[in-house]
Amino acid sequence: MASSLSVSKITTPNTNSASLPESLRSRSIKTCFLPFNNTNHFKTNLSASSLTTTRENRFVTSLRIRCSQTDGNGVRAKRTVLHDLYEKQGQSPWYDNLCRPVTDLIPLIESGVRGVTSNPAIFQKAIPSSSAYNDQFRELVQAGKDIDSAYWELVVKDIQDACKLFESIYDQTDGGDGYVSVEVSPRLAEDTEGTIEAAKWLHKVVSRPNVYIKIPATAACVPSIKEVIANGISVNVTLIFSLERYEAVIDAYLDGLEASGLNDLSRVTSVASFFVSRVDTLIDKMLEKIGTPEALDLRGKAAVAQAALAYQLYQRKFSGPRWEALVKKGAKKQRLLWASTSVKNPAYPDTLYVAPLIGPDTVSTMPDQALQAFIDHGAVARTIDSNASEAEGIYNAIQKLGIDWSYVGSQLELEGVDSFKKAFDSLLDSLQEKAKSLKLVSK
């Protein structure tokens, strides 16, 4: 395993700010990594004026022991349920987090993690809370880079280095797995052309075959998805909260493949990030407001039910003559990816958004809490379509109570985009303050 995870080629990216598109110079992205620590909770200091917070041991010691023990000959002696998840059920476990040093990902790769997702909120937590970015940031500002450009160079380096670590998985699966995702600026969520431009630029500057460019599934960006796919760029479509929008995302992927003109479609892939826990957070509040026994009994059931119906939609759309024609050119299915898998309500089981959503050709991207819980006591079995009629019954029962699923999807999309915009703005403010504290720019 060690040789396949060589980090000797991890290098600083050459992201000349002069080539930064205008849409990115004024609107950027961010992402962040929450550290594991030895007490199973997280400590982050998000002071805007300092990046010098001490980095603790990132991954829980118990995780290292549980997943990385060796026998006397130095051979890996233990597997985890993550290996079984992929090998027995065809679901890829990914890690929803990223920060420096990216080599901290190696124990997770050895434990069965097969990819990484990032987003603006992840980098907003990672960069201000770690001193690991200080040297590169200082060099960038001294070289005259503006804060937006400096931010992108910090992020691109992390993405490139992480891509290197997952390269062997990408190669072993012939481009089926081992991806690292980086998101276009959240400020572009309503800008179709700006998103296309940003995606092309990010793809070019990261320059790794196993990078996914994340594009939000807003109405304005659905056409962007088609265009970016048509340009041969692999995409992680994010912030999907409804079945209606999910179907539009699938169609954009299929349209893009057909419009690409490529004879070999095998290297243009995609995942559709369908969010789960946030759905329960909003619908539970609406059910509690209704307050009837029937309504209260549906709490904690909406998200998984809708996800199960999304999987049925996935199966229908990726079958039939249209899809078979694309398969002949090497096309790969746009896999469903379960996002927002951390449990927001402490009264719910800590694997609620992982265990019931296991099925072939899917991805489950887990932040620290969900990953730790599933490794510790998760069970591997095909569950996503184990009771489709019940899922449909729950979905319809919620609708009959007067809860509009379209409204839920629209509201959660607005909240998601707004959350990422705020995280992005906060991070740029933090970097500006850091530059001042280092006396690299005038106040």
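Got at least one residue in region 403-421 being more than 24 Å from residue 289 (Cβ to Cβ) and of a type in the set (Val, Ile, Thr)? Yes, region 403-421 contains a residue that is more than 24 Å from residue 289 (Cβ to Cβ) and of a type in the set (Val, Ile, Thr). Which residues, taken from region 108-140, are aliphatic (A, V, I, L, M), over 19 Å from the mean Cα position of the chain (by Cα) and crowded, with 20+ Cβ neighbours inside 10 Å? Correct list: 140 only. Every test in (1) closer than 22 Å to residue 350 by Cβ; (2) touching a strand residue (DSSP E or B) at 6+ places or on another chain (Cβ under 9 Å) is passed by residue 284 save one, and that test is (2). The residue list 95, 170, 86 contains one member that is surrounded by fewer than 22 Cβ atoms within 10 Å (Cβ to Cβ), in contact with a strand residue (DSSP E or B) (Cβ under 7 Å, 6 or more places away or on another chain) and outside any loop (DSSP other than H, G, I, E, B), which is 86.
Look at (1) in contact (Cβ under 8 Å) with a residue 12 or more places away in the chain; (2) over 30 Å from residue 130 (Cα atoms); (3) out of contact with any Pro (no Cβ under 7 Å at 6 or more places or on another chain) and you find that residue 383 fails only one, number (3).
When the residues of region 312-342 are filtered to those that are in contact with a Leu (Cβ under 7 Å, 6 or more places away or on another chain) and buried (at least 22 other Cβ atoms within 10 Å of the Cβ), the one that is nearest to residue 260 (Cα to Cα) is 331. Here the condition is being within 11 Å of residue 159 (Cβ to Cβ) and of a type in the set (D, E, K, R); of 193, 183, it holds for 183 alone. For residue 212, the test of being among the aromatic types (Phe, Trp, Tyr), surrounded by 24 or more Cβ atoms within 10 Å (Cβ to Cβ) and not in a helix (DSSP H, G or I) is passed.
Would it be correct to say that residue 437 is more than 23 Å from residue 289 (Cβ to Cβ) and surrounded by fewer than 17 Cβ atoms within 10 Å (Cβ to Cβ)? When the stated conditions are applied, residue 437 passes them.
Applying the selection to region 308-341, what residues are over 23 Å from the mean Cα position of the chain (by Cα) and aliphatic (A, V, I, L, M)? Within region 308-341, 325, 326, 327 meet the criteria. Going by what's in this entry, would residue 412 be described as touching a residue at least 12 places away in the same chain (Cβ under 8 Å), surrounded by 18 or more Cβ atoms within 10 Å (Cβ to Cβ) and under 30 Å from residue 140 (Cβ atoms)? So residue 412 fails the test.
Applying the condition of being under 19 Å from residue 95 (Cα atoms) and β-branched (Val, Ile, Thr) to region 225-253 and asking which residue is surrounded by the most Cβ atoms within 10 Å (Cβ to Cβ) yields 237. Selection of region 124-150 for residues being within 24 Å of residue 237 (Cβ to Cβ) and in contact with a helix residue (DSSP H, G or I) (Cβ under 6 Å, 6 or more places away or on another chain) yields only 124. May I ask you to say which residue of 380, 343, 327 is of a type in the set (A, V, I, L, M) and within 18 Å of residue 285 (Cα to Cα)? When all the criteria are applied, what remains is 343.
Results for (1) buried (at least 24 other Cβ atoms within 10 Å of the Cβ); (2) at pLDDT 95 or above; (3) farther than 23 Å from residue 324 by Cα, shown as yes or no for each residue.
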| site | (1), (2), (3) |
| --- | --- |
| 255 | no, yes, no |
| 272 | yes, yes, no |
| 277 | no, yes, yes |
| 281 | no, yes, yes |
| 291 | no, yes, yes |
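The values are calculated or read from the model by the stated rules, or taken from the named source; none is laboratory data. What you see is a predicted model; the values in this text were computed from it and never measured. Positions of Cβ are backbone-derived with ideal geometry, glycine not excepted, and every protein chain shown enters the neighbour counts.
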